[in-house]
Structures are given as structure tokens and as C-alpha cells.
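Colleague: Here it is: the structure, laid out below.
The values are calculated or read from the model by the stated rules, or taken from the named source; none is laboratory data. As the structure is a computational prediction, the values presented were derived from the model and not from experiment. In this analysis, Cβ positions are derived from the backbone assuming ideal geometry, glycine residues included, and neighbour counts consider all displayed protein chains.
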């Protein structure tokens, strides 16, 4: 149950701390006093949408804190553990949320910061909020199947999860088949291009590292002719008449006269003879170098042609030979797919049929479970409506299959079924969809009947109604009050109401009052003792002026309500 709710700087609320109890709670007050702000606060603390404009004017942030007292076996503890939130069932569950004027939101569960998704996961187990406009969802037939599935419970939900996975796989295969089928002309054009590119790359016979080796070989070959010419000329000069021959003649001439001046000529002859032998040795080495030069103009032209081919391919298919070979592998695989398109289409068609058959089988299982649940739900709603002054109402859940335009059922994310709630409020009238026949008051009671049914199924400890009794009066209003009172024996019930019939049935009555202090509005929430309850009920009965007669009437209503609850 919700034990405490603290609100600070939210809309017109400056500071409110409220303690709650077990049973049925009503919140009343003048229009504009801020009753719905309490519901907004409770919505925020369980993950509802918040915005910066909800912060009280002149304040930096709004703060809401709720304290829940829950049994150890309540499923919220498991939900928290699965989200990695440390919380002990032996302690109170405290949820805190802050909204800043900058639009930022900070949420904590037992002091641990959590994201909004984790907060909502926990909130789904704690509070069920029914706003004054929620009954409009009953007019949307797409919601009816969801209500039915929730009523059918876990056995159907498990099958539904399996079906939705099968449907997802079927849709994926179907999309792949359609894409392949729809792009046949474009695919054929691509196949022609791929074939040309594959042939061009394969014909080149590329080898990794080939281009680097060719560049080096070209560098050597491109200088071979000049190297040969110059080395040959240098050899000729060394070994020719003006080279070693001249050297030899010079030595011979000096030897002829060395005896005349040996002191000078002997050292000089030694230098010349040494230089001669060095030059001769250099000439022999130069000859060997010249003879070792490979000059092959045909090979050079061949290399240049090869490099031109490789560079041309690089411009088309990649910056390097490895890149081009990788591209070749890729387009070869793509071409294989396109060349075997019919085979691929056939395989995909078989896979599509297989996944559709599996999804259809699960969908038909869902349909069978829904048919059984539809009958039970209709009976349960009629039983609840009898207690809400709609005892002669006939209610049915009509199940029909979506059709695919041919003879078969059409698969949707929810299966093959569509559900429509039909109602006949009066005997003899035909069953019609809710949006064709039900009044606002009837819609409120049908929604209350659904809430009563689901309160027996789910384990949410707090049920909140925000003016769901709008549009009803008299005995119907009394029936709604009694139903809420019965519901409060299973869970904690809160109701914002303008009806004294509802207010008098509550176990706890809170007045929301708007105060103006120093030209600022501030809302207060007060749990009313008995004499104050009488005054508030009298105001609700008689308007602005409260008389002894309305006070007496209020006292009678409270006494009667006490006897009814004790019966």
C-alpha cells in the first residue's frame, strides 16, 4: 500500500505531506483547488511524463516522494532485483523523483539513482491510474484485444510472446523476398556490370606485391642504356690511345732518361707505374661492370604496359592490389547471388511459407485461447455491471479474423484476430459497438467493471480513480461508490470525486483546499475527522451555503454508508 506521499513545489502545491491507510480514500475540494495535482504527483513518482512547467513558479525544482509498504512476496521486489536495484522486502520502498526547471529529471529508488525505464518497470507493479478521460480508450476497438489478452492471463501471454517472435521472423523473410523480387531489372543490370568487372580483374592476373616489384625493375631498366654507353666510353678512354697507352709511353720515355737524373726520376717513375696499375685495374672492373649491365628495351616496354594496366585497374577498383582482389571476391559473391536469383527466390519463398505456417499455427492457438477468454470476460463484465445498476445489459466480445483479401487470415503483430466490445444496455436492443451506443455514464461503469475484474487478476496494490464518476448520479453513483468500497478490500483505492454518494462510502476522506497567502496560491491536503467530513459532505450536497438540513443529510449518508460496509 501507499503509506506516505510528500510533494514540494509542484504546480500550486508548496509543501504537502500526507499519510494514507488501508481501504478506500476519497479526495474532495472546490474546483481548481488542485485535486488532480496529487494524482499527477503519484503518476510522476511511478514514471509518468514530467515537464519543467510543472515546477512551482519561482522555484528551481519540484520534489515528490512516495513510501510504499509491501509484503515480501510482492513481485515488485523481483522486478527491482532484475534491474540491479538493491532493496529489501523487510524495508519500506521509497521512490523519489525531482523535476528541475531545466527539464531534467532525477529518480531514486531507496536512494539509488535509476533511469525512467527502471522507474516505470517498478511503477507498473505499484499503482494503476485511471484518469477521467481513460474511458475513451474503450471507444478504440484496437484496445479491446489488449484488454482481452490481459484478462486471458499468463497462458495466453506466453503464447503471444512466442507468436510475436515467429511473426517477426516471418516479416523479415517476407521483406527479403520482396526486395529480391522487386529489383529484378536493376539486378540484371548490376549482374552485367559485375560480370564485366570480374572478367577485367581476373584477366589481369594480379598478384600481391607485383606492382612494387615492377616499379623497382623499371627503375633499373630505364637507366640501363645510359649506364652502358657511359661505362663503355669510360673504358675506351682508359684503355684507348689516350689512356693506358699514353701512360705506358710516358713511363717508357722517363725510363730512357732516368740514368741521367735518378734522384728525381726514380720516385716519379714509381708513382707513375703505381698509377698505371691502378688505372689498369679500374679499367678491368669497369669492363666487367659494363658487361654485366642488362639492357632489354622489350622488357622495359612490357613492364610499362603492365604497370599502366595495374594503375588503370586501381582507379576503378581499389587503391592497391589487395583492395582490388577483395573487391573481386565481393562482386563475385554478389554476382553468384544474382546469377542464382531464381534459386535464391525459391529458397526464400520456401522459408517465407515455413515461417508463415509456424506463425499461423501459433496465431490460431491464440485465437482459441481468446475465444475461451472472451466468453469468460463477457460473463464477468455482466456480473460486475449488475452491481453497477446495469443489470439488464448484455455484453459480448466479438472476435473476427483479419482477412488478407483472398481466402486466408491475415497475420498482424497481434495474431489474426480483432476484438470488438459489443453492448446492449436495454433488453430487445441489438448488440452494437461501444462507440455507437454507450453514454458517458455507461462508459465510466464499464471501465470500473473492467478495473474491478483486473484488480482480482493483477497484484497492483494501489488503484486510483480521477473523477471517473463524471456523468453519473443517483443510484448509479451509489453503485459506483459501493463498487469502489468493495475494491478497497482487495487493494488500496483512491478516488477524486465531486459526488457525495462516493465520498460518504470512503474509509478516509481528504480535503484539498486552496489558500492564498501573500498573493501566492498554496494547496493544502487535510485528512478530515468525522465532524469535518460532515461539513465537507454538506458542502458537496448543498453548495456554498451549508445548512443544518444539509448537515443532517450528510450525517445520515455517513451512517448509512457505515451500515452498508458493515453488512
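Colleague: Hey, does segment 54-67 have a residue that's within 24 Å of residue 489 (Cα to Cα) and surrounded by fewer than 20 Cβ atoms within 10 Å (Cβ to Cβ)? It would help to see each step written out before you state the result.
Modeller: Step one: list which residues in segment 54-67 are within 24 Å of residue 489 (Cα to Cα), which gives 66-67.
Now drop any that are not surrounded by fewer than 20 Cβ atoms within 10 Å (Cβ to Cβ), which leaves 67.
Scanning segment 54-67 turns up at least one residue that is within 24 Å of residue 489 (Cα to Cα) and surrounded by fewer than 20 Cβ atoms within 10 Å (Cβ to Cβ).
Colleague: May I pose another question? Please identify the pairs in which a residue from segment 179-204 that is at negative phi and without any contact (Cβ under 8 Å) to a residue 24 or more places away in the chain has its Cβ atom under 6 Å from the Cβ atom of a residue that is assigned to a helix (DSSP H, G or I) and loosely packed, with under 12 Cβ neighbours inside 10 Å, counting only partners at least 6 apart or on another chain.
Modeller: Cβ pairs passing all conditions: none.
Colleague: In segment 367-376, is there at least one residue being in contact with a strand residue (DSSP E or B) (Cβ under 7 Å, 6 or more places away or on another chain), within 30 Å of residue 482 (Cα to Cα) and either part of a helix (DSSP H, G or I) or touching a residue at least 12 places away in the same chain (Cβ under 8 Å) (or both)? Show your work before the answer.
Modeller: The first filter runs over segment 367-376 and keeps only residues in contact with a strand residue (DSSP E or B) (Cβ under 7 Å, 6 or more places away or on another chain), leaving 367, 370-371, 374.
Now drop any that are not within 30 Å of residue 482 (Cα to Cα), which leaves 374.
Cutting the leftovers down to either part of a helix (DSSP H, G or I) or touching a residue at least 12 places away in the same chain (Cβ under 8 Å) (or both) gives us 374.
There is at least one residue in segment 367-376 that is in contact with a strand residue (DSSP E or B) (Cβ under 7 Å, 6 or more places away or on another chain), within 30 Å of residue 482 (Cα to Cα) and either part of a helix (DSSP H, G or I) or touching a residue at least 12 places away in the same chain (Cβ under 8 Å) (or both).
Colleague: Could you tell me which of the residues 107, 100 is surrounded by 13 or more Cβ atoms within 10 Å (Cβ to Cβ) and either in contact with a helix residue (DSSP H, G or I) (Cβ under 6 Å, 6 or more places away or on another chain) or without any contact (Cβ under 8 Å) to a residue 12 or more places away in the chain (or both)? Let's see the steps before the verdict.
Modeller: On the way: 100 fails: either in contact with a helix residue (DSSP H, G or I) (Cβ under 6 Å, 6 or more places away or on another chain) or without any contact (Cβ under 8 Å) to a residue 12 or more places away in the chain (or both).
When all the criteria are applied, what remains is 107.
Colleague: Tell me the residue from 391, 318 that is surrounded by fewer than 17 Cβ atoms within 10 Å (Cβ to Cβ) and touching a helix residue (DSSP H, G or I) at 6+ places or on another chain (Cβ under 6 Å), please. Explain how you work it out, then say what you get.
Modeller: Details: 391 fails: touching a helix residue (DSSP H, G or I) at 6+ places or on another chain (Cβ under 6 Å).
Going through 391, 318 in turn, just one is surrounded by fewer than 17 Cβ atoms within 10 Å (Cβ to Cβ) and touching a helix residue (DSSP H, G or I) at 6+ places or on another chain (Cβ under 6 Å): 318.
Colleague: Residue 142 - would you say it is within 21 Å of residue 398 (Cα to Cα), out of contact with any helix residue (DSSP H, G or I) (no Cβ under 8 Å at 6 or more places or on another chain) and at pLDDT below 90? Before the answer, list the steps.
Modeller: Working: within 21 Å of residue 398 (Cα to Cα): yes; out of contact with any helix residue (DSSP H, G or I) (no Cβ under 8 Å at 6 or more places or on another chain): yes; at pLDDT below 90: yes.
Judged against the criteria, residue 142 is a match.
Colleague: Among the listed residues 265, 300, 328, 272, which satisfies the condition of being touching a residue at least 24 places away in the same chain (Cβ under 8 Å) and farther than 30 Å from residue 233 by Cα?
Modeller: On the way: 265 fails: touching a residue at least 24 places away in the same chain (Cβ under 8 Å); 300 fails: farther than 30 Å from residue 233 by Cα; 272 fails: farther than 30 Å from residue 233 by Cα.
Going through 265, 300, 328, 272 in turn, the sole match is 328.
Colleague: Would you kindly identify the strands (runs of 3 or more DSSP E) lying entirely within segment 457-533 that contain at least 1 residues that are out of contact with any helix residue (DSSP H, G or I) (no Cβ under 7 Å at 6 or more places or on another chain) and free of Cβ contacts under 8 Å to residues at least 60 places away in the same chain?
Modeller: On the way: elements: 462-466, 492-496, 508-517, 520-527.
So the answer is 508-517, 520-527.
Colleague: Does at least one position in segment 22-30 carry a residue that is within 27 Å of residue 87 (Cα to Cα) and more than 34 Å from the chain's Cα centre (by Cα)?
Modeller: The initial filter retains those residues of segment 22-30 that are within 27 Å of residue 87 (Cα to Cα), namely 22-23.
Then keep just the ones that are more than 34 Å from the chain's Cα centre (by Cα); that gives 22-23.
Scanning segment 22-30 turns up at least one residue that is within 27 Å of residue 87 (Cα to Cα) and more than 34 Å from the chain's Cα centre (by Cα).
Colleague: Something else now. Out of the residues in segment 81-123 that are assigned to a loop (DSSP other than H, G, I, E, B) and under 15 Å from residue 48 (Cα atoms), which is modelled with the lowest pLDDT?
Modeller: 103
Colleague: Looking at 422, 431, 399, can you tell me which residue is under 30 Å from residue 165 (Cβ atoms) and either modelled with pLDDT of 90 or more or touching a helix residue (DSSP H, G or I) at 6+ places or on another chain (Cβ under 7 Å) (or both)?
Modeller: On the way: 422 fails: under 30 Å from residue 165 (Cβ atoms); 431 fails: under 30 Å from residue 165 (Cβ atoms).
Exactly one residue qualifies, and that residue is 399.
Colleague: Keeping to segment 421-448, report how many residues are without any contact (Cβ under 8 Å) to a residue 60 or more places away in the chain and part of a strand (DSSP E or B).
Modeller: Final tally of qualifying residues: 4.
Colleague: Within segment 79-92, can one find any residue that is within 24 Å of residue 490 (Cβ to Cβ), more than 28 Å from the chain's Cα centre (by Cα) and touching a residue at least 60 places away in the same chain (Cβ under 8 Å)?
Modeller: There is at least one residue in segment 79-92 that is within 24 Å of residue 490 (Cβ to Cβ), more than 28 Å from the chain's Cα centre (by Cα) and touching a residue at least 60 places away in the same chain (Cβ under 8 Å).
Colleague: Scanning segment 234-247 for residues that are assigned to a helix (DSSP H, G or I) and surrounded by 13 or more Cβ atoms within 10 Å (Cβ to Cβ), which turns out farthest from the chain's Cα centre (by Cα)?
Modeller: Residues of segment 234-247 assigned to a helix (DSSP H, G or I): 234-239, 244-247.
Going one step further and asking which of them are surrounded by 13 or more Cβ atoms within 10 Å (Cβ to Cβ), we end up with 234-239, 244, 247.
Details: 234: 82, 235: 83, 236: 86, 237: 87, 238: 87, 239: 89, 244: 92, 247: 95 Å.
Residue satisfying both the conditions and the ranking: 247.
Colleague: OK, next. Let me confirm something: among 135, 74, which residue is closer than 21 Å to residue 462 by Cβ, buried (at least 20 other Cβ atoms within 10 Å of the Cβ) and at pLDDT below 90? Even if it seems obvious, please write down each step before you answer.
Modeller: Numbers: 74 fails: buried (at least 20 other Cβ atoms within 10 Å of the Cβ).
Selected residue: 135, the only one of 135, 74 that is closer than 21 Å to residue 462 by Cβ, buried (at least 20 other Cβ atoms within 10 Å of the Cβ) and at pLDDT below 90.
Colleague: Can you run down the residue pairs with Cβ atoms below 6 Å, 6 or more apart or on separate chains, where the first is in segment 14-37 and touching a residue at least 40 places away in the same chain (Cβ under 8 Å) and on the phi > 0 side of the Ramachandran plot and the partner is assigned to a strand (DSSP E or B) and crowded, with 19+ Cβ neighbours inside 10 Å?
Modeller: Listed pairs, sorted by first residue: 29/511; 29/512; 34/512; 34/523.
Colleague: Out of the residues in segment 49-65 that are in a loop (DSSP other than H, G, I, E, B) and touching a strand residue (DSSP E or B) at 6+ places or on another chain (Cβ under 7 Å), which is nearest to residue 129 (Cα to Cα)?
Modeller: Just the residues of segment 49-65 that are in a loop (DSSP other than H, G, I, E, B), to begin with: 49-51, 56-60.
From what is left, the residues that are touching a strand residue (DSSP E or B) at 6+ places or on another chain (Cβ under 7 Å) are 50, 56, 59-60.
On the way: 50: 15, 56: 23, 59: 28, 60: 28 Å.
Result: 50.
Colleague: Scan (1) in contact with a helix residue (DSSP H, G or I) (Cβ under 7 Å, 6 or more places away or on another chain); (2) within 25 Å of residue 455 (Cβ to Cβ); (3) buried (at least 19 other Cβ atoms within 10 Å of the Cβ) for the single condition residue 45 breaks and write down its number.
Modeller: Of the numbered conditions (1) in contact with a helix residue (DSSP H, G or I) (Cβ under 7 Å, 6 or more places away or on another chain); (2) within 25 Å of residue 455 (Cβ to Cβ); (3) buried (at least 19 other Cβ atoms within 10 Å of the Cβ), the odd one out for residue 45 is (1).
Colleague: Then there is this: Does residue 352 meet the test of being exposed (fewer than 14 other Cβ atoms within 10 Å of the Cβ) and either in contact (Cβ under 8 Å) with a residue 60 or more places away in the chain or touching a strand residue (DSSP E or B) at 6+ places or on another chain (Cβ under 8 Å) (or both)?
Modeller: Numbers: exposed (fewer than 14 other Cβ atoms within 10 Å of the Cβ): no; either in contact (Cβ under 8 Å) with a residue 60 or more places away in the chain or touching a strand residue (DSSP E or B) at 6+ places or on another chain (Cβ under 8 Å) (or both): yes.
Criteria not met by residue 352.
Colleague: Being more than 27 Å from residue 325 (Cβ to Cβ), surrounded by 14 or more Cβ atoms within 10 Å (Cβ to Cβ) and modelled with pLDDT of 85 or more is the filter; apply it to segment 170-194 and report the residue that is farthest from the chain's Cα centre (by Cα).
Modeller: 177
Colleague: Among the candidates 280, 294, 319, which residue alone is in contact (Cβ under 8 Å) with a residue 24 or more places away in the chain and not in a helix (DSSP H, G or I)? Spell out how you get there, then give the answer.
Modeller: Working: 280 fails: not in a helix (DSSP H, G or I); 319 fails: in contact (Cβ under 8 Å) with a residue 24 or more places away in the chain.
Checking each option against the conditions leaves just 294.
Colleague: While we're here: Among the residues that make up segment 388-395, is at least one of them in contact with a strand residue (DSSP E or B) (Cβ under 7 Å, 6 or more places away or on another chain) and part of a helix (DSSP H, G or I)? Before the answer, list the steps.
Modeller: Filtering segment 388-395 down to residues in contact with a strand residue (DSSP E or B) (Cβ under 7 Å, 6 or more places away or on another chain) leaves 393-395.
After this cut, where a residue has to be part of a helix (DSSP H, G or I) as well, the list is none.
The answer is no, given that none of the residues of segment 388-395 is in contact with a strand residue (DSSP E or B) (Cβ under 7 Å, 6 or more places away or on another chain) and part of a helix (DSSP H, G or I).
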